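So the structure is just underneath, and the comments pick up after that.
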Amino acid sequence: MKRITKLQKALVLAVGTVAAAAAVAGQALAASPDAQPPTDMSPQVVGGTRAAQGEFPWMVRLSMGCGGAMYSESLVLTAAHCVNSTGNNTGITATYGVVDLQDSSRVTRTSKYVYRNPGYSTSAGGDWALIQLSSPITGAALLPIATSTAYDSGTFSIAGWGAASEGGAQQRYLLKAQVPFVSDSSCKSAYPSLKSAVEICAGYTQGGTDTCQGDSGGPMFRRDNANNWVQVGIVSYGQGCARPNYPGVYAEVSALSSAIAAKASELGGTPPTTTTPPTTTTNPPSGRTFENTNDVQIPDAGAAITSDIAVSGISGNAPATLKVDVNIVHTYRGDLLIDLVAPDGSTYRLKNSSTSDSADNVVATYTVNASTEVANGTWKLKVQDTYRQDTGYINSWKLTF
Ligand code: ARG
């Protein structure tokens, strides 16, 4: 078989790219009837946009006109001011699993018990409550709550079916927006009686984006250090909605988390595993990475060479989704045969050689099912150049457990 040249390869690519671009354009046109309406006349949440189905899967709409978030399969975390009192209560319907409240695939449960934070009052704050569902929503997505102040800053997401403007109607479709953290001191100029120990504020100085009536009880949330959502607030109150210099006020979940967790565990709710706070020095318990950045020359049409990574401190086996990031500098990557070698010598093929792939470099992430391999030990990246002429070297590679 004749090996194609770089020029021939470029021609093949150029033709392929036009075809691919046409295919994408066709797809986009075909898909447009289902896409979001371009510029909706009404603002949303206030100043937001429609959330995609599944984007915030733990969002719950409560029938009294509040929001909530799935804390466990049988508990919804909401605001105290959304419920009347603690006790048996079969009068609330929770709607889960849809952005469109009229979607026939929605999942509903009635409440069986309500716990309203007994310490809550408008003067004390602590605006949280738990609603126990008549039966669990098995497999429901859960939103972990912040257990430290580590995430009480930055940009937050808000979502809800509440009014899209001050005094406006409740929404059929879930709306979302982002709002920046507002410091306690600055928030106090708007709300002198802010309970800064248990309340956290968010919004723009110029207003325009906010939660509003009917969003109460819903979560304010952000990404944690591991890129997972974490709940930092519960929609509580504000002066109007989205007014300049009046941020939204949220129950500060980190300050209330131990009370919430304690009550939830009494009510039999299993909370999701908590998240790790941001850190630059220590590795999280999972997702640990090991990297070798030493360059290793790959001999042209020669014997296989290897680069080692020593892994330690991981108990048990490697994951079924062991990530192998490979960065190889080479002038014809089709020449390269690449394997991952486990500590016991088992070999996993990452990439075959190909006479037609004339592109430069291998910059790729491979996922290997290494669940039968003990994690600790020396892992090797094995690379062989199988064809004369082009050359290169291993630039770096990395394992993520
Ligand atoms: N208390 C309102 C409710 O019951 C929520 C108000 C939030 N207001 C605000 N400006 N962020 O739905």
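The values are calculated or read from the model by the stated rules, or taken from the named source; none is laboratory data. These numbers were taken from a predicted model, which means no experiment stands behind them. Ideal geometry is used to build each Cβ from the backbone, glycine not excepted, and the neighbour counts take in all protein chains shown.
Before moving on, here are some points about what is shown:
- Looking across the stretch 28-47, just one residue is within 16 Å of the ligand (Cβ to nearest atom), at pLDDT below 95 and farther than 18 Å from V98 by Cα, and that is P43.
- The combined condition, being part of a loop (DSSP other than H, G, I, E, B) and within 16 Å of E291 (Cβ to Cβ), is fulfilled by I314.
- Residue check for I131: within 16 Å of the ligand (Cβ to nearest atom), closer than 19 Å to S257 by Cα and either in contact with an Asp or Glu (Cβ under 9 Å, 6 or more places away or on another chain) or modelled with pLDDT of 95 or more (or both): yes
- The single condition among (1) assigned to a loop (DSSP other than H, G, I, E, B); (2) near the ligand (Cβ under 10 Å from one of its atoms) that C201 does not meet is (1).
- Output for the stretch 238-261, where each listed residue is β-branched (V, I, T) and either near the ligand (Cβ under 7 Å from one of its atoms) or over 24 Å from the mean Cα position of the chain (by Cα) (or both): V249
- Residues (surrounded by 18 or more Cβ atoms within 10 Å (Cβ to Cβ) and out of contact with any strand residue (DSSP E or B) (no Cβ under 7 Å at 6 or more places or on another chain)) located in the stretch 350-401: S358
- Close pairs from the stretch 51-65: first touching a residue at least 12 places away in the same chain (Cβ under 8 Å) and at positive phi, partner in a loop (DSSP other than H, G, I, E, B) and buried (at least 23 other Cβ atoms within 10 Å of the Cβ), Cβ under 7 Å, at least 6 apart: G65/G214
- In the stretch 118-139, the residues that are aliphatic (A, V, I, L, M), in contact with a Ser or Thr (Cβ under 8 Å, 6 or more places away or on another chain) and in a loop (DSSP other than H, G, I, E, B): I137
- Condition met for S193 (touching a residue at least 24 places away in the same chain (Cβ under 8 Å) and either within 12 Å of the ligand (Cβ to nearest atom) or within 25 Å of A262 (Cα to Cα) (or both)): no
- Checklist (1) at pLDDT 95 or above; (2) in contact with a helix residue (DSSP H, G or I) (Cβ under 9 Å, 6 or more places away or on another chain) applied to S353, failing item: (1)
- Test for A80: is it within 28 Å of the chain's Cα centre (by Cα) and either within 16 Å of the ligand (Cβ to nearest atom) or surrounded by fewer than 17 Cβ atoms within 10 Å (Cβ to Cβ) (or both): yes
- Search result, residues across the stretch 211-237 that are surrounded by fewer than 24 Cβ atoms within 10 Å (Cβ to Cβ) and within 12 Å of the ligand (Cβ to nearest atom): Q213, Y237
- Of all residues making up the stretch 152-198, the number that are in a helix (DSSP H, G or I) and charged (D, E, K, R): 2
- Within the stretch 62-76, the set of residues being assigned to a strand (DSSP E or B) and either within 14 Å of the ligand (Cβ to nearest atom) or farther than 17 Å from G214 by Cβ (or both) comprises L62, C66, G67, G68, M70, Y71, S72, L75.
- Some residue of the stretch 40-61 being assigned to a loop (DSSP other than H, G, I, E, B), within 20 Å of W128 (Cβ to Cβ) and not hydrophobic (A, V, I, L, M, F, W, C): no
- One residue from S396, S356 being among the polar types (S, T, N, Q) and in a loop (DSSP other than H, G, I, E, B): S356
Every residue, every condition in (1) within 16 Å of A251 (Cβ to Cβ); (2) surrounded by 19 or more Cβ atoms within 10 Å (Cβ to Cβ); (3) of a type in the set (S, T, Y), yes or no:
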residue	(1), (2), (3)
A124	yes, no, no
A129	yes, yes, no
Y151	yes, yes, yes
G168	no, no, no
V179	yes, yes, no
